[in-house]
Structures are given as C-alpha cells and as structure tokens.
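Read the figures in this text as sums done on the coordinates, not as results from a lab. Keep in mind that this is a model prediction, so the values were computed, not measured. Every residue, glycine among them, receives a Cβ derived from its backbone with ideal geometry; neighbour counts consider all protein chains shown.
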C-alpha cells in the first residue's frame, strides 16, 4: 500500500507528531545501523526483532484467551486477510513517470557535457567540483542520513519561518542573477546567445 501525497506531507510536516516520530525514529535507526553494520546484518536483526515481537504477542494473546476462555481467533487475522498485491496500474504509472524523469535527466546531462550552453556547463562544472569536496568529507550513506533528517526538519522549519526565509531567498536569487548576468557579459558565447534572444 503506497503512501498518498497528503499522507506523506502529513508525515513530513509533523501533523501527527506521534506517527511522524515513529516513522522518523524507525527509519533513522535503520540508516544509522547500516552505517555500522552490513545490510544483511541489519535486515536479519530487524527481522528477528519483528519476529520475536509477533511471537511474544501471539503467545500472550493465546494465554489470555485460554485464561478468559474466549475465542477471539488469530490476533493478526486482520493483517493476514489484508491483500498485499501491487496494483498493476500503479506500477505502470510509477514506471512511466520514472522513465520520463530518466529521459529528461539524460537529455539534460548530454546538453551539459556537450556544452550546448557555455554558462550552464560552467555552473555544472562548479557543482561537480564542489561534489568532489563533499565526497571527500562524507560517504554516500552519510549523505542519505543527512538528507533524510533534512526531509523531516527543513519543511517544518520553513513553514514556521516562511516570511523571513523568503526574504533571504529573494536576496540570494537577485545576487545569483546579478553574478550570472556579469558572467554572461564577460563570456563571448554568452554575449552571442543574449544577442540572439534579443533579436528573436
């Protein structure tokens, strides 16, 4: 069962702190475990812990039913009867969306690597150069953990401080636009592209 967009937003924006806390804490523990243990070990430990919990709960409910002389049936009957098949239309929709995004990314990378626009390619080169330093400081999993923590904190912080953050973002955008225009003016190719746009 996939999460709907509204449910995902409710989790990220902490509409229900208890539910968001459980999801955030559980996934963060798994990610931190992966930083120190192998994937196989983490899967095995999480599965064992889950299985231990369900066995203890099943035994507890069975003993309780025997003492109270009731026949409530299997304690997990609701989940056993739940259909857990992937809907084909949703899978097809997800695949189509993924293929569209991949094709767009490939086209953009081709444009950047083959220097269709000099300024954009230079920006991309600067980004790659910055990534070399980030890669030297953090491994991939550390970045995933930081990204996950940011996912559950940045939207809420932005929501609570929207006005002041937007003001700073506007200042940043104006500075970037100013620098970009100066770079385009300094590069001959940038000037030609700008002249072409004016003529059109």
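Remarks
- 0 to 90° range, to nearest 10: angle between helix 118-137 axis and the chain longest Cα axis: 40 degrees
- Peptide packing for 85-93, 20-28 was compared via the average number of neighbouring C-beta atoms within 10 Å per residue; ordered from the highest value, the list is 20-28, 85-93.
- Packing order of peptides 168-179, 120-131, highest average first: 120-131, 168-179 (average count of other Cβ atoms within 10 Å over each peptide's residues).
- Gyration tensor (alpha-carbon) shape descriptor, the range 63-154, a/c threshold 1.5: oblate
- Gyration tensor (alpha-carbon) shape descriptor, the range 1-115, a/c threshold 1.5: prolate
- Cα long-axis angle, helix 188-199 against the chain (0 to 90 degrees, to the nearest 10): 90 degrees
- A full extension of the chain between residue 49 and residue 68 corresponds to an added length of 4.0 nm, given 0.36 nm per residue minus the alpha carbon distance.
- Cα gyration tensor, the chain - rounded (a/c under 1.5), prolate or oblate: prolate
- Counting only alpha carbon atoms, the long axis of helix 17-36 and the longest principal axis of the chain meet at about 80°.
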